[in-house]
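Note sheet for the following structure.
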Amino acid sequence: MFAAVFNIRAEPIDVQRLGVAGDCSVETFGGGRRAAFVHSNAGPYGVQGEPCVTASLGDRYWIVGRVRLNERANLQARLAVEAGQRAELLSDAALCLHAYAAWGERFVEFLSGDYAFVLWDDGRHRLLGIRDQLGTRALFHARIGDAWFVSDTLDWIIQRPSVSPDLDDYWIADLLTLGFCREFERTVYRAVQRLAPAHVLRLDEAGSRIRRYWRLEIVEPVYFRDRATYTERFHDLLSQAIADRMPSGKVGISMSGGLDSTTLAACAVSIAGSSASRVVGDSIYSEELAHLKEDYFASLAARHLGIELRLRRWDVADHDADWRSHDIRPAEPSVTMFDARYRRRMLGEQASEASVWFDGEGPDNALMFERNAYLSWLLGRRAWGRLGGALFEYARVKGLKGWAQTVRRHAGPRPDDRPAAPLPRWLNRDFADRTHLVERARTLGEGGDMSHPWHPNAVASFTSPIWQSHFADFDFDETLGPVVWRHPYLDVRVIEYLLAVPPVPWAWKKQLVREAMRGRMPDELLRREKTSIPQEDVVPLLSRLRCTPEFLANGRLEKYVDVKQISPESVPDFMTWPALSVFALDHWLTLHLN
């Protein structure tokens, strides 16, 4: 973990009053010693996320945080003169300091990667907290009296003696209805805020200021004359993203039998070249869902690529019915605690294979097939040539099989649309009214920006706070086992390109990825249709995990929930995860209050 403390008044920080644990290092700065850095690499296994690093530049600038930069060569070239030494010998954290010294607060515009860090400018008596563009690493802050606390670890801030542990009702209301908070800045604690992705927190004698330094802006689609250029560009960008994230030793791929993760593996093997043994895979499959054939397709890809693959069976019956007995608590309530013991064992085994693992999330969001929005946008612009070309390409890639499926779908009875999920009936109505839940759901939705003219849902998905919940799960994983998770598809270069390619035809069943992998992956896998776990297969979890009223402590939850209304029989399919969140919250409160 790392943290920084800044005293608004020009008075030295009393390190003893901070209550810092003995395994942490503390360093104070400034003539008045009004700023301090706290840092420790020690986690349950001695490793937690990207290594916590510190660096300094002269007697003017200091930095502490987790910093892994992309495109080091480009930054090094820009800094060649300013650095005054061989830039390739500098750490990523030191490069950040040189960039700040050269460009001031504009330096964040030249950074890309996975990072959250704090920088102290002694000349200006200024503290900066910075989070990367997509928020892969977390950063929290709180002002208590004359002191500011900034840290990548929520628990560290809330454990300071002066910080109130009162909970944020709005955060909890969103958890119980949506599964994550609709607002970037809120945390489960009222006194602590989360710095939003692509934002800078500045603290100095003038006060505090938060500003955004980057936005996801896709103005125009990218058009190439040669069809092959689309796939080559995708392959090149993904390969660059992987190369930037490749460790010196082995790398693991969390590999399903789907297209995205196997594509990661294929590109990683290509980068490793003759050292393909550096790439290993790990695949989870279910015998209860054997028809999905995840193990078959993952094994097919692994054999084709020549990499080692470990298969792990995971069924409903394997979920830990005794999850309440384990003193394992994420920083905020989360359904991840249900299988935390299993994940701890799995992560320990994965760490014996590789210390860095790749996750394959991203293409499902970026390559949403928004045909109507794109075609309507072209029509509105009277881009007749583009419109005609898009319609022709759509007809071609869809093929006879696709059109036959469309005919059958429209010829048969129309399935009833799933109704919009009402507020769960087990929710305390006074609580729902007090937090304006209906209005929040209507005005905020899932928190994403739907204003993009031709790719609204895809762009909204990357501007939604749901990713904070996603990354928080990986942060939790990194407290359970000595692994580091990295996300090549969430590289800014890759995301911006995937969102910019014309949805018609390239987002049709992720045609871009399928064509890019032609000749690099087995044809059988490239022809595989997208699969997902039916919601009805999740419902048995309520019973298996003993998520029934008799296992809830009413006194702690009555402010939020009428526990008598919860049972597996009373939970509609589309409310399974909110129901599980009730039990996650209950257990978290039990550990939190003890």
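The values are calculated or read from the model by the stated rules, or taken from the named source; none is laboratory data. Quantities reported herein were computed from a predicted structural model and do not represent experimental measurements. So basically every Cβ, Gly included, is an ideal-geometry build from the backbone, and we count neighbours across all protein chains shown.
Remarks
- Residue check, Arg371 over 26 Å from Val251 (Cα atoms) and either surrounded by fewer than 21 Cβ atoms within 10 Å (Cβ to Cβ) or not assigned by TED's automatic domain parsing to the domain that holds Pro488 (or both): yes
- When region 293-311 is filtered for residues that are among the charged types (D, E, K, R) and in contact with a strand residue (DSSP E or B) (Cβ under 7 Å, 6 or more places away or on another chain), the ones remaining, listed by number, are Glu294, Asp295, Glu308, Arg310.
- Scanning region 4-32 for residues that are modelled with pLDDT of 75 or more and over 22 Å from Glu205 (Cα atoms) yields Cys24, Ser25, Val26.
- Checking each residue in region 441-488 for being touching a Gly at 6+ places or on another chain (Cβ under 9 Å), under 27 Å from Pro503 (Cβ atoms) and in a loop (DSSP other than H, G, I, E, B) picks out Pro453, Thr463, Ser464, Pro465, His487.
- Residues in region 148-174 that are in contact (Cβ under 8 Å) with a residue 60 or more places away in the chain and of a type in the set (Val, Ile, Thr): Val150, Thr153, Ile157, Ile172.
- Selected residue (only one of Arg124, Arg106, Arg202, Arg137 is over 26 Å from Asp491 (Cβ atoms), outside any strand (DSSP E or B), in the same structural domain as Val67 (by TED's automatic domain parsing) and among the basic types (Lys, Arg)): Arg124
- For region 341-370, a tally of residues being closer than 21 Å to Gly258 by Cβ, assigned to a helix (DSSP H, G or I) and in contact with a helix residue (DSSP H, G or I) (Cβ under 8 Å, 6 or more places away or on another chain) returns 5.
- Looking only at region 506-529, and only at residues there that are within 21 Å of Ile307 (Cβ to Cβ) and either among the hydroxyl-bearing types (Ser, Thr, Tyr) or part of a helix (DSSP H, G or I) (or both), the one that is nearest to the chain's Cα centre (by Cα): Val513
- Selected residue (criterion: farthest from Ile218 (Cα to Cα)) from residues of region 455-479 that are in contact with a helix residue (DSSP H, G or I) (Cβ under 7 Å, 6 or more places away or on another chain) and buried (at least 22 other Cβ atoms within 10 Å of the Cβ): Asp477
- Yes/no for Leu154 being among the hydrophobic types (A, V, I, L, M, F, W, C) and outside the structural domain of Asp92 (by TED's automatic domain parsing): no
- Any hit, region 287-295, residues being farther than 19 Å from Asp475 by Cβ and either assigned by TED's automatic domain parsing to the domain that holds Trp588 or within 20 Å of the chain's Cα centre (by Cα) (or both): no
- Unique match (being among the aromatic types (Phe, Trp, Tyr) and at pLDDT 90 or above) among Trp314, Trp323, Trp377: Trp377
- Residues located in region 551-594, provided they are modelled with pLDDT under 65 and assigned to a helix (DSSP H, G or I): Asn554, Pro568, Glu569, Ser570, Asp573, Phe574, Met575
- Pairs, first at positive phi and in contact (Cβ under 8 Å) with a residue 60 or more places away in the chain in region 127-147, second part of a loop (DSSP other than H, G, I, E, B) and of a type in the set (A, V, I, L, M), C-beta under 8 Å, six or more apart: Gly135/Ala196; Gly135/Ala198
- The residue that is surrounded by the fewest Cβ atoms within 10 Å (Cβ to Cβ), among those in region 123-151 that are under 12 Å from Val192 (Cα atoms) and of a type outside the set (Phe, Trp, Tyr), is Ile144.
Every residue, every condition in (1) surrounded by 15 or more Cβ atoms within 10 Å (Cβ to Cβ); (2) free of Cβ contacts under 8 Å to residues at least 60 places away in the same chain; (3) in a loop (DSSP other than H, G, I, E, B), yes or no:
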residue: Leu176; (1), (2), (3): yes, no, no
residue: Arg215; (1), (2), (3): no, yes, yes
residue: Val219; (1), (2), (3): no, yes, yes
residue: Ala228; (1), (2), (3): no, yes, no
residue: Asp236; (1), (2), (3): no, yes, no
residue: Ser239; (1), (2), (3): yes, yes, no
residue: Ile242; (1), (2), (3): yes, no, no
residue: Pro247; (1), (2), (3): no, no, yes
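- Of all residues assigned to region 187-198, at least one qualifies as being more than 22 Å from the chain's Cα centre (by Cα) and either closer than 26 Å to Ala458 by Cα or outside any strand (DSSP E or B) (or both).
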